1. Select from the stretch 143-173 the residues that are among the polar types (S, T, N, Q) and either touching a strand residue (DSSP E or B) at 6+ places or on another chain (Cβ under 8 Å) or within 18 Å of ALA189 (Cβ to Cβ) (or both) and list them in ascending order.
2. Which residues, taken from the stretch 156-176, are within 15 Å of the ligand (Cβ to nearest atom) and either in a helix (DSSP H, G or I) or among the hydroxyl-bearing types (Ser, Thr, Tyr) (or both)?
3. Which residue out of PRO215, PRO179 is surrounded by fewer than 24 Cβ atoms within 10 Å (Cβ to Cβ) and either within 16 Å of the ligand (Cβ to nearest atom) or of a type outside the set (D, E, K, R) (or both)?
4. Can you tell me which residue is surrounded by the fewest Cβ atoms within 10 Å (Cβ to Cβ) among those in the stretch 31-48 that are in contact (Cβ under 8 Å) with a residue 24 or more places away in the chain and over 22 Å from MET1 (Cβ atoms)?
5. What residue, of ALA354, ALA268, is more than 16 Å from the ligand (Cβ to nearest atom) and assigned to a helix (DSSP H, G or I)?
6. Out of all the residues in the stretch 1-46, which are of a type in the set (Lys, Arg) and either assigned to a helix (DSSP H, G or I) or touching a helix residue (DSSP H, G or I) at 6+ places or on another chain (Cβ under 8 Å) (or both)?
7. Which is part of a helix (DSSP H, G or I), away from the ligand (no atom under 16 Å from the Cβ) and assigned by TED's automatic domain parsing to the domain that holds ARG280, of ALA225, ALA263, ALA247, ALA199?
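The values are calculated or read from the model by the stated rules, or taken from the named source; none is laboratory data. Being a predicted model, the structure only gives us computed values, none of them experimental. Reconstructed Cβ throughout: ideal geometry from the backbone, glycine too, with neighbour counts over all protein chains shown.
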Amino acid sequence: MERTLSAWPDIAQAVGLAGSRIQSAIVDLWGWRARIALARGQTVEEAVAKLPALESALGTRRGAARIQPLPERANRLELRIIETDPHADAITWPGPSVTSITQPVKLGLFEEGSPVRVSLLRRHALIGGVAGAGKSGGVNVLLGDLSACPDVIVWGIDLKRGMELLPWSSCLDRLATTPQEAEALMADAVVILDGRADALAQYGQRVWQPRPDAPALIILIDEYAELVDEAPGAIRHADSIARRGRAVAVTLVAATQRPSQKAMGQGAVRSQMDVRLSFRVRERRDVDLILGQGMLKSGWHPHSLDAPGKFLISAPEHDIARRARTFLLDDDGVQHTAARHAPTRPPLDPISAAALEAAADTADEPAEPPPASPGKHARADSAPSAEDILWSALQAAPDTGLSIDDLMRTTGMGRSWIYYRLQDHARADRASQVSRGRWRATPSS
Ligand SMILES: Nc1ncnc2c1ncn2[C@@H]1O[C@H](COP(=O)(O)OP(=O)(O)OP(=O)(O)O)[C@@H](O)[C@H]1O
């Protein structure tokens, strides 16, 4: 390092950074790093473009040099030379790092050893990279964390016959492995999105706060391009979720080898992805496809990642290209983790379940439900209110509960009215579903 420091003026001259100065340097566990002041008018981007020349001038191995901007000054950077790869060996997954979707999940480690944490709350995520680069490994780590969170439900789509996601099936609230199932799943996710949006509007709230009784919904899609090819109907729904899902905590995590416009469908899905993970890509032009326009030029180089599991992450809290490696969760680890968390996975919340129920009913019976008899509708001032009738009906309900249709007939009120009252009762623990769509008062109330 000392030899380099004294030779820096010549090296800088040779690579086109003449006039830059080394301000300080230290040796670390993996090599050394130096703080460099650029000459007037030179930019960090220019320095990044000179990385191969720098490696040659310094006599390092290919891919050993890193440059990171220093936030405080545009004319300062940190040059890092990695002599031994800190990520040469796989890093075993240490177990779940979160207990709530409101906490950032921990995907792996950056080269200098700090954890890669990223929040997935109200964010869509895109995971890209060539076959074998480690996308599924990344998805496993993600599921390891999510399955430990009782305030998130995960739905999976895996059109490779469930090859990747089946081992997690006990922790997935729903798994689609055929195009028909995938389309139905995405349509239902939009129904839930709308149901939640209506409920929020009704209660004058802006966003869905995930809780175990009101979980976030994450839809994990392994190989998004296959969905586009085989279930094009699902893509319209994906678009809707991408645009409108954040507030109601219905979000997408899509993995794909190459998120070209064709592979992502015609909609706005890619542009709505707030978190991007790029594993190794084959071609430089794929960098911007995964990470976003202009990223290759600003020094994000996933094409030079040299082992599976290595990745770059771009997210609101990660705006500097830093190499990382995901933890490795082997098959036994997946099996063990899924078995451990399966018993504590949350059910769908009453609002979302009711929205699905309503959509299913509408699909079953396209005609409006028959109006209740005028006698039931007519209410003299002294007559019990619809609320009272509903409550009495729930209390008198058989053990098998009453369906929404039963309650509509009894109260003479509309479907939405019933849903919202049922949700109020459910929230206050006065009523619950005995089976899907069948309600009664909770025995103690
Ligand atoms: N973090 C990691 N550390 C060490 N090895 C890893 C890591 N991630 C993945 N691997 C290895 O790389 C192999 C391929 O990874 P993975 O199946 O995740 O790739 P992929 O990108 O999902 O590929 P495909 O697109 O074909 O599904 C794995 O079998 C595993 O052995």
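1. The answer is SER147, SER169.
2. Matches in the stretch 156-176: LEU166, PRO167, TRP168.
3. Being surrounded by fewer than 24 Cβ atoms within 10 Å (Cβ to Cβ) and either within 16 Å of the ligand (Cβ to nearest atom) or of a type outside the set (D, E, K, R) (or both) holds for just one of PRO215, PRO179, which is PRO179.
4. The residue in question is ARG40.
5. ALA354
6. Correct list: ARG3, ARG21.
7. Just one listed residue meets the conditions, ALA199.
One line per residue, one yes/no per condition, for (1) assigned to a strand (DSSP E or B); (2) more than 15 Å from the ligand (Cβ to nearest atom); (3) outside the structural domain of GLY113 (by TED's automatic domain parsing):
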residue	(1), (2), (3)
ALA254	yes, no, no
LEU289	no, yes, no
LYS297	no, yes, no
ASP332	no, no, no
THR337	no, yes, no
